[in-house]
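Reviewing the structure listed below.
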Amino acid sequence: MASSASTASGIEHPEGGSRRDFLLVATAAVAAVGAAACLVPLIDQMNPDASTLAAGGPVDLDVSKVAEGAQVVIYWRQRPIFVFHRGKTTLDALQSKSDLALLADPDSKQVQQAPYAANWHRSIKPEISVLVGICTHLGCIPLFYPDASATTPVPNWPGGYFCPCHGSKYDAAGRVFSGVPAPYNLPVPPYRFVNDTTIRVGENPSDSAWDFDSIRQL
Ligand code: FES
């Protein structure tokens with residue numbers, strides 16, 4: 001029988017090791033897979049100066065440079081942040097009753113996001129999704145499948161994020177499907193729009209004092 005281990009967050013993981021242990025072992029190998037599978041255009045805003053990264057300070061991204069249907073990955077507090085420009089078809093799928101019935105937490109009741117992102121699109125603007133790209137099971141980096149086919153990588157899945165480590169599936173808002181190892185939706189980091197087209201990851205909107213450390217599981 002598989003053993004369980006408690007993590008720093010208090011969540012039990014029936015995989016014979018803690019999530020933190022797994023992160024340490026798997027990050028290097030899986031990050032390479034994830035990075036290769038994600039389309040990561042070279043955008044200047046993805047590369048804040050070294051002192052900003054070292055301090056874990058806010059990171060800006062001009063989302064007008066992210067084409068519809070594309071995703072870029074930036075780093076905040078040394079974590080990958082997925083920024084996905086969703087089109088109408090994707091947004092419509094997020095509201096599909098048949099798809100919603102397959103999700104573990106379709107209404108984002110678990111605190112995996114600030115109140116300003118606890119809506120059907122889990123974001124400030126519906127078309128721009130901002131997620132922490134770390135699987136809530138054992139910490140792999142999920143792969144981006146904006147247009148999953150009927151059979152790839154798994155059958156009967158509308159696309160979004162797929163974690164190859166143990167098969168967890170998330171939709172295009174980072175909402176986890178029922179019956180997979182991952183227990184929670186992908187986290188949404190604090191962020192705000194500093195103008196019409198630029199997001200700042202690491203800061204809440206001016207009317208919010210949400211504490212990212214209150215998140216259920218990273
Ligand atoms: S780490 Fe296990 S499914 Fe993602």
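Overview of results
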item: Chain lengthening between R77 and D207 when straightened (0.36 nm per residue, less Cα-Cα); result: 44.5 nm
item: DSSP-assigned coil residues among trypsin sites (Lys or Arg not before Pro) in segment 82-161, each with at most 16 further Cβ atoms within 10 Å; result: K109
item: Separation in nanometres of the label points that stand 7 Å from Cα toward Cβ, at F193 and K125; result: 0.5 nm
item: Cα centroid separation - segment 136-193 against segment 54-130, whole Å; result: 12 Å
item: Nearest-0.05 FRET efficiency for N156 and L91, computed from C-beta distance (R0 22 Å); result: 0.60
item: Radius, Kirkwood style, for segment 40-214 when every pair of distinct Cα atoms is counted (Å); result: 16.2 Å
item: Under 29 Å from K109, Cα to Cα: lysines that are on another chain or at least 8 residues apart; result: K88, K97, K125, K169
item: Within segment 154-190: backbone nitrogen closer than 17 Å to the A101 label point (7 Å, Cα to C-beta); result: 156-158, 177-179
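Where a number appears in this text, it was derived from the coordinates with a stated rule and is not lab data. All of these numbers come straight from a predicted model, not from anything done at the bench. A quick note on method: Cβ atoms are made from the backbone with ideal geometry, for glycine too, and the neighbour counts reach across all protein chains shown.
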